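Have a look at the structure below before the remarks.
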Amino acid sequence: MSSPARLRRAPLLTVYVALVFIFIYLPIAVLILYSFNRDGVGGFPPRRLTLDWYRQLFADGAIWDSVVNSLIVAAGSVALSLTLGLLAALALDRARFPGKSLFRRLVLLPLILPGIITGLSLLMFAVFAGAQLSLLTVFLGHSTALISVATTELFAGLQKMDRAQEEASLDLGATPWQTFWRVTLPNLKLSLIASGLLIFTLSMDEIAVTFFLIGRDNTLPLEIWGRLRRGITPEINAVSTLIFAVSVGLIVIWYRVRTRGLGAQARELLERS
Amino acid sequence: MYSRAYKTLVSLPPLLWVGLFLVLPYAMMFAHSFWAVRDGILVHQWNLHNYVTLFSKPVYVEVLWRTMRIAAAVTFCSLLLGYPLAYYLSFHAGARKELLYQLVIVPLWVSYLVRGYAWKTILGSEGVLNGFLQYVHFTHEPVAFFLYSPFAVVLVLTHIYTPFVFLPLYAALEHIPRPLVEASEDLGAGSAQTFLRVILPLSIPGLLAGATFAFVLSLGDFLAPLLVGGASGIMIANVVQSLFGAAYDWPLGAAISVCILLITISLLFLSERLEKRWSSK
């Protein structure tokens, strides 16, 4: 890392970077500002601030139904993707099977390929299997697409783990099952929380795959999408502002968890030395 | 140290699941691309007709070509914004580094849809930008071409993918050993020379990764064109979507999807090879 003395001034670069930040934050700022604008989403400057759009939003049953649907799908996806992702990470870390490196690449595909391809493939599969499109198909789609988020994070966690702890546990007479619950899982706590939060956020926001798997009940992004087609009102700004606030809230929680986790690790290191 | 039963128990469920819900669906997409539709009914008759149609009808080639150009423009613009950002954070931000880093990351957590929508309200003919331009008497009539154009698609996608491009670039720049930079400066190279001959070459792997992200993610996007693209901003994934919807020609749609898939995978492969070759030099 460069020492402060090495920091040179680069006024042009600084201005440019400030402009990039403005570009990144301009839409978000406009979005939030106009959620309080009585005259709607366009025009300049915004005049006559109001909370009416939020009032309208809180009375809007369809939106809240879709929020509940999204929460159910996201919670389910976290549970299923984490379970499968954890098993896959353990398999990659410990087992040997043919096609292992192929498997590693395969689980990554939904994150790499355009969502439309994964979405349509799953749609074909659902039609083939005779499944009715519903929140269940959306949940299965999300869980499958997001396995790799958990696998990648948890595999990294396993690689960093001190293998001697597990060996000691087994040597001292604990069953593999006890060792898994008392040694392996606690060691992966941070990776589990991190990937869980990421899966939750990605599922709440997912639209490309959901687009093709949705039945009659909408998730929140698709409910918003449907409304965009019918014309835009600041109510959408209001709900987007709330989503933004919740997302930022989740990030803050995550940093708290992480820094506390790191703090605990640092303390441990100090105690050991 | 792990028993056979343990290994089987952890391997089997994910393998079966991925096989059933991932490999099989992708394989079905592949199979569909060799089938046909006759009188509105899917016929399982193996043929290459869809691929012939795809490359002989100018309309598909044209959209594919436009999609490539849009993706290339997005890649270029994201690098133009992302590289200086990453460079500044890595070499000039000092104590504010961590905070600024978080500020770049936060928008990644903001819904894709929400950001696309925000741009729609800014660019529209009754939108914020036109309102502003008229307010400052720069124009008197709303400017129509902001929204519903390839330009709008490039703008929105650049906005969405700049943080994605930033991440690998920043990681690459942070990995450059600082003594190298200091040595270059101590030996009399100016900052421009140091950048061109030390920093830039060492950041190429990050640059490649970022550019690949931006290009591949833009290539298969169908939401931004629907939101802000209008008729002139249609991309290849929109064609797929309409073939699977109203036009009802799944096999042709599947053939286009397979093409997108192959382009994506070959680009990823190519970028990985290039990165390796560059790093081993």
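Structure values in brief
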read-out: Any hit, the stretch A:114-122, residues being among the hydrophobic types (A, V, I, L, M, F, W, C), more than 20 Å from the chain's Cα centre (by Cα), modelled with pLDDT of 90 or more and more than 17 Å from residue B:260 (Cα to Cα); value: no
read-out: Residue tally, condition within 10 Å of chain B (Cβ to nearest Cβ), under 17 Å from the mean Cα position of the chain (by Cα) and either at positive phi or not β-branched (Val, Ile, Thr) (or both), over the stretch A:223-245; value: 2
read-out: Helices (runs of 4 or more DSSP H) lying entirely in the stretch B:87-155 (those with 3 or more residues that are in contact (Cβ under 8 Å) with a residue 24 or more places away in the chain); value: B:97-105, B:112-123
read-out: Test result for residue B:268, among the hydrophobic types (A, V, I, L, M, F, W, C), touching a helix residue (DSSP H, G or I) at 6+ places or on another chain (Cβ under 9 Å) and within 12 Å of chain A (Cβ to nearest Cβ); value: yes
read-out: Some residue of the stretch A:138-152 being farther than 30 Å from residue B:254 by Cβ, of a type in the set (Phe, Trp, Tyr) and touching a helix residue (DSSP H, G or I) at 6+ places or on another chain (Cβ under 9 Å); value: no
read-out: Residues that are of a type in the set (Gly, Ala, Ser), surrounded by 23 or more Cβ atoms within 10 Å (Cβ to Cβ) and at the interface with another protein chain (Cβ under 7 Å from one of its Cβ atoms), drawn from the stretch B:115-126; value: B:118
read-out: Index of the failed condition, residue B:76 passing every other in (1) touching a residue at least 60 places away in the same chain (Cβ under 8 Å); (2) closer than 30 Å to residue B:204 by Cβ; value: (1)
read-out: Residue count for the stretch B:234-244, restricted to those that are surrounded by 23 or more Cβ atoms within 10 Å (Cβ to Cβ), part of a helix (DSSP H, G or I) and either at pLDDT below 90 or under 16 Å from the mean Cα position of the chain (by Cα) (or both); value: 2
read-out: Filter result for residue A:154 (in contact (Cβ under 8 Å) with a residue 60 or more places away in the chain, buried (at least 17 other Cβ atoms within 10 Å of the Cβ) and hydrophobic (A, V, I, L, M, F, W, C)); value: yes
read-out: Residue in the stretch A:95-135 that is surrounded by the most Cβ atoms within 10 Å (Cβ to Cβ), counting only those that are more than 17 Å from residue B:24 (Cα to Cα) and without any contact (Cβ under 8 Å) to a residue 12 or more places away in the chain; value: A:95
read-out: Test: residue in the stretch A:44-67 that is more than 9 Å from chain B (Cβ to nearest Cβ), buried (at least 16 other Cβ atoms within 10 Å of the Cβ) and within 30 Å of residue A:191 (Cβ to Cβ); value: yes
read-out: Qualifying residue in the stretch A:222-230 (condition: among the aromatic types (Phe, Trp, Tyr) and either touching a helix residue (DSSP H, G or I) at 6+ places or on another chain (Cβ under 6 Å) or in contact (Cβ under 8 Å) with a residue 24 or more places away in the chain (or both)); value: no
read-out: Verdict on residue A:256 being modelled with pLDDT under 80, more than 21 Å from residue A:80 (Cα to Cα), in a helix (DSSP H, G or I) and more than 9 Å from every other protein chain (Cβ to nearest Cβ); value: yes
read-out: Condition broken by residue B:216, with the remaining ones in (1) within 29 Å of residue B:124 (Cα to Cα); (2) surrounded by fewer than 19 Cβ atoms within 10 Å (Cβ to Cβ); (3) not small (Gly, Ala, Ser) satisfied; value: (2)
read-out: Hits in the stretch B:16-46 - residues which are surrounded by fewer than 13 Cβ atoms within 10 Å (Cβ to Cβ), outside any helix (DSSP H, G or I) and at pLDDT 90 or above; value: B:46
read-out: Some residue of the stretch A:189-202 being surrounded by fewer than 23 Cβ atoms within 10 Å (Cβ to Cβ) and outside any helix (DSSP H, G or I); value: no
read-out: Residues (within 11 Å of chain B (Cβ to nearest Cβ), touching a Phe, Trp or Tyr at 6+ places or on another chain (Cβ under 8 Å) and under 30 Å from residue B:116 (Cβ atoms)) located in the stretch A:155-206; value: A:197, A:201, A:205
read-out: Selection within the stretch B:194-231 - farther than 27 Å from residue A:112 by Cβ and either touching a residue at least 40 places away in the same chain (Cβ under 8 Å) or within 14 Å of another protein chain (Cβ to nearest Cβ) (or both); value: B:194, B:195, B:198, B:199, B:230, B:231
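The values are calculated or read from the model by the stated rules, or taken from the named source; none is laboratory data. In this text, all values refer to a predicted model and were calculated from it rather than measured experimentally. Cβ coordinates were reconstructed from backbone atoms using ideal geometry, including for glycine residues, and neighbour counts include every protein chain displayed.
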